[in-house]
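Student: There's a structure below that I have some questions on.
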Amino acid sequence: ATADVGLIGLAVMGQNLALNMADHGYRVAVFNRTTDVMKKFVASENPPGGLVGCENLKDFVASIKKPRKIIILVKAGPAIDAVTKQLFEAGVEPDDIVVDCGNSLWTDTIRREKEYAAKCKFFGSGVSGGEVGARFGPSMMPGGDPASWKHLEPIWKAVAAKVDAQTGKPIETASPGKPVVGGVPCTTYLGPNGAGHYVKMVHNGIEYIDMQLICEAYTLLSNLLGMKAPELSKVFGTWNEGDLDSYLIQITEDILKQPDPVHKEGYLVDYVLDAAGQKGTGKWTSVNALDMGIPANSIAEAVFARCLSALKEERVEASKKLKGPAPSHSGNRDELIAAVRDALYCSKICAYAQGFQLMREAQKEYNWTFDFAAIASIFRGGCIIRARFLQKIMDAYTRDKNLVNLLLDSYFNEQIQKSQSNWRKVVALAATNGIAAPAFMSALAYYDGYRAERLPANLLQAQRDYFGAHTYERIDAPRGKAFHLDWPEPGRPQVDIVPGS
Ligand code: 6PG
């Protein structure tokens, strides 16, 4: 056995991660269900030497040094179980570590770790950063048996993205064969069983809302100011130099200036069909938020915005029948651009507050102990949501590791105070001009709801008690004491307050 690590699944992510490991001096055994793909990949490797191509799983397993470290990068779902079981038949032993690096549901990882415990150490690790990330440095979110982590740690730390120790900015100078040397790796052990995949899922939920917010800024500016793609590209370019500096803003700048490759004139973005796809991680985040009773409303809103966009044909028909105001703006152009920037920034703070609030709750539910500064730290480079802003989140959780909500941190509170009047203006403009901006609006509703000492849930509780005798609590009684009134619904005699048990 000569390989330091094995990798199964040579689609884009698998190939790039294998090359990344090879660049760092690891000898990587590679296997793919379709042998031709493996052969082509190994033959095209340049410079050669780091990869051991295997045509069957027996040879693959035999070629890896013990305890074996085997990364699976196949489609999340039943394929993970199928491959794991095939590995057992091919000779994987109880001390070997099988790492699922896909976007698996964290509860599946918890289940798999238990189910396969007698046959291997099953480990889960989120990997973010797409193709380029996998090749030159992704953000890696490992969770599982701590002893297994000790074996994986050197590899994970080597291949992960690096940020500058002083500034926290991603170091983006890697090229094939020349990995980044030094810097702080964007990976840290997150906890046992499904902790890594859970954090990756929340990362994706935040990714959904981050993207949706950018799309809303784009639609507001194009509808209210009639700005065209290249002009908008410049706006995003400017934003990328300030607090909003992030990978997603940067790619938006690039996307908006891309000419259409088919037509001689125009920009590609204007020819892209406005029907969003999704593979489910944003939905999982939202479902989990609902299950745990955590108000991640903007994350869910971003998922629903994709769902609404996907009803393309229905929307086209509805657009002929359902009337609303025609967008227009007579105010100062630069002021509006600045206001939209502020709305985006404030909404983004709320989106991250929701994602981190969700993780706070999940750790109680699953007995994990998350280090939120460390989570923010590994999001600073490599992943899709990497942003200058993550350094500020890291600072906030370093100041107070038990911070209840990001909004309560002094820095973020101050940022919102500075920008909230513009945020409100933009939300009002969206409403009066008939432009759908669900993420901006829901983030503002989250902010205003969260800071409200009193919400109208008093009336809601009274309604529940009225029709269903669901009881209510009183402001002048201890929490938990239930009251019920026989409300004067027709057919029911009124009686006085009945103090609850
Ligand atoms: C990442 C991404 C990635 C995800 C895509 C597509 O962190 O690298 O989150 O894992 O698969 O972004 O997700 P959707 O198809 O759901 O948009």
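Student: Give the residues of the range 111-127 that are more than 16 Å from the ligand (Cβ to nearest atom) and over 16 Å from A79 (Cα atoms), sorted by residue number. Please lay out each step first, then the result.
Tutor: Looking only at the range 111-127, we keep the residues that are more than 16 Å from the ligand (Cβ to nearest atom), and these are 111-123.
Listed by number, the residues that qualify are K114, A117, A118, K119, C120, K121.
Student: Right, something else. Would you confirm whether any residue within the range 210-224 is in the same structural domain as A430 (by TED's automatic domain parsing), surrounded by 21 or more Cβ atoms within 10 Å (Cβ to Cβ) and under 22 Å from A373 (Cα atoms)?
Tutor: Yes; the residues of the range 210-224 include at least one that is in the same structural domain as A430 (by TED's automatic domain parsing), surrounded by 21 or more Cβ atoms within 10 Å (Cβ to Cβ) and under 22 Å from A373 (Cα atoms).
Student: Something else about it: Is it fair to say Y198 is of a type in the set (S, T, Y), within 16 Å of the ligand (Cβ to nearest atom) and outside any loop (DSSP other than H, G, I, E, B)?
Tutor: Details: of a type in the set (S, T, Y): yes; within 16 Å of the ligand (Cβ to nearest atom): yes; outside any loop (DSSP other than H, G, I, E, B): yes.
So Y198 fits the description; yes.
Student: Suppose the filter is hydrophobic (A, V, I, L, M, F, W, C), within 15 Å of A351 (Cα to Cα) and away from the ligand (no atom under 16 Å from the Cβ); does I299 pass it? I'd like the intermediate steps shown before the answer.
Tutor: Details: hydrophobic (A, V, I, L, M, F, W, C): yes; within 15 Å of A351 (Cα to Cα): yes; away from the ligand (no atom under 16 Å from the Cβ): no.
The answer is no for I299.
Student: Pick out, from the range 270-349, the helices (runs of 4 or more DSSP H) lying fully within it that include 3 or more residues that are under 20 Å from L213 (Cα atoms) and of a type in the set (S, T, Y). Can you show your working first?
Tutor: Working: elements: 281-292, 297-310, 312-321.
Result: 281-292.
Student: Another question, if that's okay. What number of residues within the range 250-271 are away from the ligand (no atom under 16 Å from the Cβ), of a type outside the set (V, I, T) and within 16 Å of Y218 (Cα to Cα)?
Tutor: Here is the first cut: in the range 250-271, the ones away from the ligand (no atom under 16 Å from the Cβ) are 253-254, 256-271.
With of a type outside the set (V, I, T) added as a condition, the list becomes 253-254, 256-261, 263-268, 270-271.
This time we only want the ones that are within 16 Å of Y218 (Cα to Cα), so: 253-254, 256-258, 267-268, 270-271.
Residues in the range 250-271 being away from the ligand (no atom under 16 Å from the Cβ), of a type outside the set (V, I, T) and within 16 Å of Y218 (Cα to Cα): 9 in total.
Student: Among the numbered criteria (1) away from the ligand (no atom under 14 Å from the Cβ); (2) assigned by TED's automatic domain parsing to the domain that holds T109; (3) modelled with pLDDT of 95 or more, which single criterion is violated by C186?
Tutor: (1)
One line per residue, one yes/no per condition, for (1) over 18 Å from H203 (Cβ atoms); (2) within 16 Å of the ligand (Cβ to nearest atom):
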{"residue": "N223", "(1), (2)": "yes, no"}
{"residue": "S233", "(1), (2)": "yes, no"}
{"residue": "G237", "(1), (2)": "yes, no"}
{"residue": "L248", "(1), (2)": "no, yes"}
{"residue": "L273", "(1), (2)": "yes, yes"}
{"residue": "K279", "(1), (2)": "no, yes"}
{"residue": "G282", "(1), (2)": "no, yes"}
{"residue": "M292", "(1), (2)": "no, no"}
{"residue": "F304", "(1), (2)": "yes, yes"}
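Student: In the range 225-268, what count of residues is obtained for those that are over 19 Å from F440 (Cβ atoms) and either surrounded by fewer than 19 Cβ atoms within 10 Å (Cβ to Cβ) or polar (S, T, N, Q) (or both)?
Tutor: Within the range 225-268, residues that are over 19 Å from F440 (Cβ atoms) and either surrounded by fewer than 19 Cβ atoms within 10 Å (Cβ to Cβ) or polar (S, T, N, Q) (or both) number 27.
Student: Take the residues in the range 158-189 that are part of a loop (DSSP other than H, G, I, E, B) and touching a Phe, Trp or Tyr at 6+ places or on another chain (Cβ under 7 Å), then tell me which one is surrounded by the fewest Cβ atoms within 10 Å (Cβ to Cβ). Don't jump to the end; show me each part of the working.
Tutor: Residues of the range 158-189 part of a loop (DSSP other than H, G, I, E, B): 160-161, 164-169, 171-174, 176-177, 179-183, 186, 188-189.
From what is left, the residues that are touching a Phe, Trp or Tyr at 6+ places or on another chain (Cβ under 7 Å) are 174, 189.
On the way: A174: 18, Y189: 21.
Across the range 158-189, the extreme among qualifying residues is A174.
Student: Also, quick follow-up: Among (1) touching a helix residue (DSSP H, G or I) at 6+ places or on another chain (Cβ under 8 Å); (2) at positive phi, where does G226 come up short?
Tutor: All conditions are met except number (1).
Student: Please indicate, with yes or no, whether at least one residue in the range 66-87 is in contact (Cβ under 8 Å) with a residue 40 or more places away in the chain and over 33 Å from the mean Cα position of the chain (by Cα).
Tutor: Yes, the range 66-87 has at least one match.
The values are calculated or read from the model by the stated rules, or taken from the named source; none is laboratory data. All values reported here derive from a predicted model rather than from experimental measurement. Backbone-built Cβ (ideal geometry, glycine too); neighbour counts: all protein chains shown.
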